[in-house]
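Scroll down for the structure; my scribbles are underneath it.
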Amino acid sequence: MTSNNNLDHVTVSLGEDYSDIRENVRRICAGFPGEYWRRLEEKLDYPTEFVKALTDAGYLGALIPEEYGGAGLPLRAASVILEEIHASGCNAGACHAQMYIMGTLLRHGSEEQKKRYLPKIASGELRLQAFGVTEPTSGTDTTQLKTRAVRNGDHYVVHGQKVWTSRALHSDLMLLLARTTPLDQVKKKTEGLSVFLVDIRQSLGKGLEIKPLKAMINHHATEVFFDGVKVPAENLIGEEGKGFKYILDGMNAERILIASECIGDARWFTKTAVKYANERIIFGRPIGQNQAVQFPIARAHAETEAAEILLRKSAAMFAANIPCGGEVNMAKMLASEAAWHAGEACLQTHGGFGYAKEYDVERKWRETRLMQIAPISTNLILSYVGEHVLGMPRSF
Ligand SMILES: Cc1cc2nc3c(=O)[nH]c(=O)nc-3n(C[C@H](O)[C@H](O)[C@H](O)COP(=O)(O)OP(=O)(O)OC[C@H]3O[C@@H](n4cnc5c(N)ncnc54)[C@H](O)[C@@H]3O)c2cc1C
């Protein structure tokens, strides 16, 4: 496939489709039907058995190199794993971070840190599921975050608050972004931020408090409070003050993986809508015989196909080390919108039964809506494309 922007000389193949992985993921997911997810949601429980099944199959360590105990698979394989989970009606939100948060440690951590943590993350012995970036007062404007880490001898002392930190109560470690040099003492606002591995188990009750945050979906989101939490200096990742760049480095992989979940959701909605449209007889004929029912499903399918092509192009460019920020962001935006349109078509096709919990349509509909907001909202993607791809002025 040849890109038509400034990459005319580059040819990237769409990459493998990993049919064996797809089949195995489908087999695992068959053990976790809609009923399982509905039961969890009623009690706001965590899908411990599901996460264990994926861990045991080695899928959550897919991206960890073999020398550190992982499967050493390329991003495209991880992408396929997450897509299939979502296409099966399951939700990887409970554990997808175990796949990609470790990327910051892998790329910027010391050899000693990698040897200490990665093998245990690959085996599931250590859960690195929590990623503390978003704060209540700074939101998308990450460089304005207020959480401070101040060096004091052989450790840092952290004060501040994070919000929407998913899975913090189901994680042993948290990757934390905090300011180490005050904003008024740095040349650029992106400087002076640092990344730490916080040991949640050791810090709880010693300045660290985690409170569940009730939300529209069962995503195990929390508020995290730091009141003088001591983090050993050896848990600083890379160089002090370079953390913002380290987090940005991981964004492309994260967005490709989230976009894959969107494609999976879109596939589930389309399959479910088509089945119902063919089976439901009203006015003496299948409702799917009416174009007003058929077309939104067909349109969402076309959008999904298009988004998937751009997603596979992004993954191929990522694998070939070709700058792909524009492609990755656009793929994530289009995939999240395709999933939403497929969800809307599916809900509408089901009529009143779309609201019945036992059909799982309303649950998936609520779940897929998140993808247009987190981990990055559509407006921020559009401003990235406007500025960095098309060369218009920065809008904020
Ligand atoms: C279920 C859930 C799980 C999450 N998990 C995590 C997690 O694990 N770790 C973590 O760190 N964060 C997490 N988040 C936070 C998520 O990444 C943020 O909600 C998201 O980045 C948007 O930030 P915000 O909510 O503060 O919105 P704001 O920054 O307040 O923005 C609000 C709205 O205004 C728009 N907007 C803001 N500025 C502009 C502008 N200049 N131009 C145009 N539009 C603009 C945004 O697009 C958005 O639609 C999670 C959120 C949710 C809901």
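Remarks
- Looking only at residues of the range 144-156 that are more than 10 Å from the ligand (Cβ to nearest atom) and of a type in the set (A, V, I, L, M, F, W, C), we find that the one that is surrounded by the most Cβ atoms within 10 Å (Cβ to Cβ) is ALA149.
- When ASP199 is tested against (1) within 15 Å of the ligand (Cβ to nearest atom); (2) touching a strand residue (DSSP E or B) at 6+ places or on another chain (Cβ under 7 Å); (3) not β-branched (Val, Ile, Thr), exactly one condition is not met: (1).
- The helices (runs of 4 or more DSSP H) located wholly in the range 285-396 that include 2 or more residues which are surrounded by 20 or more Cβ atoms within 10 Å (Cβ to Cβ) and outside the structural domain of ARG39 (by TED's automatic domain parsing) occupy 291-319, 325-349, 361-369.
- For the range 366-391, filtered to residues that are more than 13 Å from the ligand (Cβ to nearest atom) and without any contact (Cβ under 8 Å) to a residue 60 or more places away in the chain, the residue that is farthest from ALA339 (Cα to Cα) is GLY391.
- The helices (runs of 4 or more DSSP H) found entirely in the range 84-143 that carry 3 or more residues being outside the structural domain of GLU362 (by TED's automatic domain parsing) and more than 12 Å from the ligand (Cβ to nearest atom) are 102-108, 111-123.
- Members of the range 127-139 found to be touching a residue at least 12 places away in the same chain (Cβ under 8 Å) and in contact with a Leu (Cβ under 6 Å, 6 or more places away or on another chain), listed by number: LEU128, PHE131, GLY132, VAL133, GLU135
- Of all residues in the range 203-233, those satisfying the criterion of being of a type outside the set (A, V, I, L, M, F, W, C), within 22 Å of GLU112 (Cα to Cα) and in contact (Cβ under 8 Å) with a residue 60 or more places away in the chain are LYS230, PRO232.
- Residue check, THR181 outside the structural domain of TYR68 (by TED's automatic domain parsing), touching a Leu at 6+ places or on another chain (Cβ under 9 Å) and in a loop (DSSP other than H, G, I, E, B): yes
The values are calculated or read from the model by the stated rules, or taken from the named source; none is laboratory data. All values reported here derive from a predicted model rather than from experimental measurement. Note that we place each Cβ from the backbone using ideal geometry, even for glycine, and neighbour counts take in every protein chain shown.
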